[in-house]
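One structure is given below, encoded as structure tokens.
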Amino acid sequence: MSSEEGNTSGSRLFLIDGTALVYRSYFAFQSSLLTDSSGRNISAVYGFFNTLFSIIEREKPEHLVIAFDTKAPTFRHQVYPDYKATRQKMPEDLSEQLPILRDALETSGIALMEKEGFEADDLIGTAAKIAENAGLDVIIVTGDKDFFQLVSDKVKVYNLRTSTSDPEILGASEVVEKFGVPPEKVIEVLGLMGDSSDNIPGVRGIGPKTAVRLVNDFGSISSVYSHLDEVKASDRKKLEGNEDTALFSRQLVIIKTDCPVSADLEAWRMRLNDDSLREKFTELEFSSLLKYLKESEAAPEELKREYYIIDTPEKLADLLRKLQKAEIFAFDTETTSESPMNAELVGLSFSFTEGEAYYIPCNGFRLPPGAEIPRTFKWFGEEVNPTTAYILSSLQPILEDSAIPKLAQNAKYDMLVLKNYGIEVQGLTFDTMVAHYLLDPGARGHGLDALSMKYLRLKKIPTSDLIGSGAKQITMDIVPIEKVTEYACEDADCAYRLMNMLKANLEEENLQWLFSEVEIPLIPVLLTLERNGVALDTRLLGEMSGELEQLLREIEGDIHRLAGREFNINSPKQLGYILFEELNLPVIRKTKTGYSTDESVLKKLSAQDPLPAEILRYRSLAKLKNTYTDALPQLINPRTGRVHTSYNQTVTATGRLSSSDPNLQNIPVRTGIGGRIRAAFIPEKPGWKILSADYSQIELRVLAHLSEDLQLIESFRDDEDIHRRTGSMIFNSPLELVTPEMRRAAKEVNFGVIYGMRDFGLSERLGIPRKRAREFIESYFSSYPQVFQFVEMTIETVRNTGYTETIFGRKRRLPEINSKNHNIRSNAERIAVNTPIQGSAADMIKLAMIRIHRRMKSEKVESLMIMQVHDELVFEVPEGEVELMVKLVVEEMESAMPLSVPIRVDVSYGENWLEAH
């Protein structure tokens, strides 16, 4: 070892509580499991490495060790057999991941530490002492308060808190501030208060606050008992006769610092075996973690990569001949913005043979003197520069030729960019992003970087390598053309390579029809909606912002009067103190940082005090103001004067569309102040109307079709009020005697079945006892017996196949349906039932959109399709086309996907979106 290698001056040793981190990672993904392509749960493994590398990236430690517990009993078990006896057994779906984690860690090059008879805590304590004596600064990564006892000038605790926040680093003063005593007194407090998680008894009735006060007053447990007569009577009574228990508990919580651990600091030096980890991460499909690893020093198997700059008319003409003859070609655009409605074209790339690609730079193309430049190309009314116009005019015939098949990654973006220049791409037959989404809708991402790593084992050039990130980010048009060429060609090349792999997988999974007849034809429809955008009444939104501002000020005053003093209403910590410390309202739930004051908690408390209800009202109105009345005008595109949302085709696991910037799916409902926001969505031209077409109870109709329940089918065929009918059945009441309240309860039950609601959820929704809710559900299933059979059979089928599917065969894998964890399994069962219903309804409206779009083009109407919101389509229609559009829209929506029950569409129109209901 060289002197340089052995020098530890100024070095830091990071000691990670590996066992705690495994559990933390496991529970972080409880609501959304991560599985690999074989369905294996790898959530905890991914979470562990993601956290580990975020620490390494942030801190760049010189030394690092990860310590783990073993299954063997420790010295604490020998002196106290009930040590940790109340701990629940490790969840089976976590224990199944430990060998995977262990295998990856053992090849990583990172130092690991574990020893039978000792806990990870003691190994960390010993390593910390060794390193401290050697002059290293020690950072213990843990959320366990027991480690506060080890804090010193050289030893600190590093609490991760959340993945998005900065870590909390605790030295001696921070320990005093957080725990109430200095590090050397921590064991005294722990001995008095005990630790229920480790089954350490402490003194019954002595909690953290009392323990801290006693230790601060008397210095130690022994001193407390030496001065027992000075302790106040209520505490003295609890302490009497428990000195041995307190001292024994103190002994149990002491972290050992003298375990038989090798003091080889060099073995703890931070080393990463990047090549081995790359292999493991690739195998585990952790493509997002590959960015943390260095490029392989070993020469990889070289993929053929012949990339060409097309920068002269002669080269362009040659490329056009090749594109004309290609069976299919991939295309991609390089632009100045991720927003297609703001993106200016920088260049285009093409590929039609694996390993070959071509890039045409708009800013590096050499036009010959006297070249004929078309003047037809405009970008939002602005004349396009001559070079770009020449390139686009040359490409336009091929791009608009529907007989020439084309593919892309996220084609909607590229097609919308080109549409803004006047080119309507035709002949799209494949989109690699959409294909992968259909194959694995639950995947963490469908981006080209992830797909290239997963299928091609190719780490693509990161976009940030070209344009940077954050405040120093530049735009693609000022990046050197040589760098853009390699990047752009790689994009087109990878998309082309991926096509054949994904195509074969689609056929194998019987998803080709859904892909070719629904998802691909939907792309031009969505880009049309995005480009059309929607007009807003900014004057109305401004008035509403002012009204809301005034109303919020009044409510703020009411809240402060009810609380008895002023405080920050937006601070959960301050609100929690007011509600639970000052008003002494019952604590419903606690979080890691204090009292929970979320919506469900405040709703429960509203029955006991007026303040929580006012807080809920304040939050609701503040959200309307911040998210809509203030924010929507800021999203208006200055070139079009309209708001252009982005429709996300590859996000939801059910197949539903979502939208962002703004999220139209969350525009408030049609009543009250929230409903008035819809009144701000208006036609741009005088004499035009907003027309809304909404599927009526479509998910219940899909349920009737899938379950083949005779009673449900009959009710829909007779055009009955389905909620009134259900109310009649579950309340055993004549139809005409069903009250509005009974109908409301029946509606909750009807839709609750679709979303897998159990008795607890229904009792919360209706505010009724759980027993009564259970009776409602039982009565519902006895009234609709085939619905019950459908639910049971669907769950059983998914248990056997591992996936649930829609009428058109859209699949969603649910390996967790066989989990040993009850909560995970129950959630998967709800998804198994809901996905075929919600997903089939999503497929239906997608087909309707495609058919309506085609009809509108063929009939050459002026009307615009401007929004899709769940089961609703919204149009901007000239007054003279209203009757035509009503007929067209209803015909296509009702016939898009025939069911065994009638499909009904509610259509109306008005001066704005609110009136169109």
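The numbers here are math on the coordinates, done by the rules we state, and not lab data. None of the values given here were measured: they were computed from a predicted structure. All Cβ positions, glycine included, derive from the backbone under ideal geometry; neighbour counts span all protein chains shown.
Using a simple charge model, +1 on the beta-carbon of Lys and Arg, -1 on the beta-carbon of Asp and Glu, nothing else, what dipole does the stretch 504-556 show about its Cα centre, in debye to the nearest 20?
280
Using only the Cα atoms of the stretch 610-679, build the gyration tensor, take square roots of its eigenvalues as a ≥ b ≥ c, and label the shape rounded, prolate or oblate: rounded if a/c is under 1.5, else prolate if a/b is larger than b/c, else oblate.
Numbers: a/c = 2.49, a/b = 1.42, b/c = 1.75.
Oblate, because a/c is 1.5 or more while a/b does not exceed b/c.
Kindly work out what percent of the DSSP beta bridges joining two residues of the chain are antiparallel, to the nearest 5.
65
Report, by chain and number, residues whose modeled amide H sits under 5 Å from the one on Val138, excluding near sequence neighbours (fewer than 5 apart, same chain).
HN-HN under 5 Å from Val138: Leu13, Val155, Lys156.
Can you give me the angle between helix 208-218 and the longest principal axis of the chain, using Cα atoms only, in degrees from 0 to 90, rounded to the nearest 10?
40
Any idea which of Ile615, Phe567, Thr591 is furthest toward the positive side of the dipole for the stretch 553-641, if Lys and Arg beta-carbons carry +1 and Asp and Glu beta-carbons -1?
Of the listed residues, the answer is Thr591.
Reported to two decimal places, what Rg/Rh ratio describes the stretch 43-163 when computed on Cα atoms with Rh from the Kirkwood expression? Present the calculation step by step, with values, prior to reporting the outcome.
Details: Rg = 15.4 Å, Rh = 16.1 Å.
A ratio of 0.96.
In nm, to one decimal, how far is the Arg758 label point from the Val587 one, both placed 7 Å along Cα→Cβ?
Going from the Arg758 label point to the Val587 one covers 2.6 nm.
Using only Cα atoms, tell me the angle between helix 120-133 and the longest principal axis of the chain; keep it within 0 to 90° and round to the nearest 10.
In the chain, helix 120-133 runs at an angle near 80 degrees to the longest axis.
For the stretch 306-509, build the convex hull from the C-alpha positions and give me its volume per residue in Å³.
So the per-residue hull volume is 125 Å³.
Through the Karplus equation 6.51 cos²θ - 1.76 cosθ + 1.60, θ set to phi - 60°, convert the phi angles of the stretch 426-435 into ³J(HN,Hα) values in whole Hz; use x for Gly and Pro.
10, x, 5, 10, 8, 9, 5, 5, 5, 4
To the nearest 500 deg cm²/dmol, what mean residue ellipticity at 222 nm is calculated for the chain from DSSP H runs of n ≥ 4 alone, each contributing -39,500 (n - 2.57), summed and divided by the residues?
Result for the chain, helices only: -14000 deg cm²/dmol.
Based on the alpha-carbon gyration tensor of the stretch 92-155 and its eigenvalue square roots a ≥ b ≥ c, which shape applies: rounded if a/c is under 1.5, prolate if not and a/b is larger than b/c, or oblate?
Values: a/c = 2.40, a/b = 1.77, b/c = 1.36.
Verdict is prolate for the stretch 92-155.
Please report Rg over Rh for the stretch 698-840, where both radii come from the alpha carbon positions and Rh follows the Kirkwood definition.
On the way: Rg = 15.4 Å, Rh = 15.6 Å.
Ratio value, two decimals: 0.98.
Between the stretch 596-664 and the stretch 176-195, how far is it from one alpha carbon centroid to the other, in angstrom?
43
Quick one: work out the % antiparallel among DSSP beta bridges in the stretch 306-509, nearest 5. Spell out each step's value before the answer.
Working: 13 of 22 bridges.
The antiparallel proportion sits near 60 percent.
Short version: ³J(HN,Hα) in whole Hz for each residue of the stretch 67-77, in order, from phi by Karplus 6.51 cos²θ - 1.76 cosθ + 1.60 (θ = phi - 60°), x for Gly and Pro, what are they?
Once rounded to whole Hz, the list reads 10, 10, 6, 10, 6, 5, x, 9, 4, 5, 5.
Pull up all non-local amide H partners of Asp709: gap of 5 or more, or a different chain, and H-to-H distance under 5 Å with H placed in the peptide plane.
Result for Asp709 returns nothing.
Which of Pro397, Ile467, Gln512 sits farthest toward the positive end of the charge dipole of the stretch 387-514, with +1 on the Cβ of Lys and Arg and -1 on the Cβ of Asp and Glu?
Result: Ile467, furthest along the dipole toward the positive end.
Once phi is turned into ³J(HN,Hα) by the Karplus curve 6.51 cos²θ - 1.76 cosθ + 1.60 with θ = phi - 60°, what whole-Hz value does each residue of the stretch 554-571 show in order, with x for glycine and proline?
So the J values, rounded to whole Hz, are 5, 5, 4, x, 4, 5, 5, 5, 5, 7, x, 6, 7, 7, 7, 4, 7, 9.
Return the percentage of antiparallel bridges among DSSP beta bridges fully within the stretch 128-230, rounded to the nearest 5 %.
Antiparallel: roughly 50 percent of the beta bridges in the stretch 128-230.
For Arg213, what is the net charge nearby, where nearby means another residue's Cβ is under 14 Å from its Cβ and Lys, Arg count +1, Asp, Glu -1?
Around Arg213, the charge tally is +1.
Placing +1 at every Lys and Arg Cβ and -1 at every Asp and Glu Cβ, with all other atoms neutral, what dipole size does the chain have around its Cα centre, in debye to the nearest 20? The partial results should precede the final answer.
On the way: 107 positive and 138 negative charges, 336 e Å.
About 1620 debye.
I'd like the distance separating the alpha-carbon centroids of the stretch 343-394 and the stretch 702-755, in whole Å.
With the stretch 343-394 and the stretch 702-755 each reduced to a Cα centre, they are spaced 60 Å.
Check Tyr803: other-chain or 5+ apart residues with amide H under 5 Å from its amide H, H built from backbone geometry?
When sequence neighbours closer than 5 places are left aside, the close amide H contacts are Leu814.
Could the peptides 441-447, 636-642 be put in order, highest first, of the mean number of other beta-carbon atoms found within 10 Å of their residues?
441-447, 636-642
Going by average Cβ density within 10 Å per residue, which order do the peptides 713-720, 367-374 take, highest to lowest?
Details: 713-720: 14.9, 367-374: 9.8.
Top to bottom by mean Cβ count within 10 Å: 713-720, 367-374.
Can you report the principal axis dimensions of the chain using only the alpha carbons, biggest first, rounded to whole angstrom?
97, 84, 56
How far is helix 386-399 tilted off the main Cα axis of the chain, in degrees rounded to 10, range 0 to 90?
Once rounded, one gets 80 degrees.
What share of Cα pairs, in percent, lie more than 23 angstrom apart in the stretch 206-288?
Pairs farther apart than 23 Å: 54 percent.
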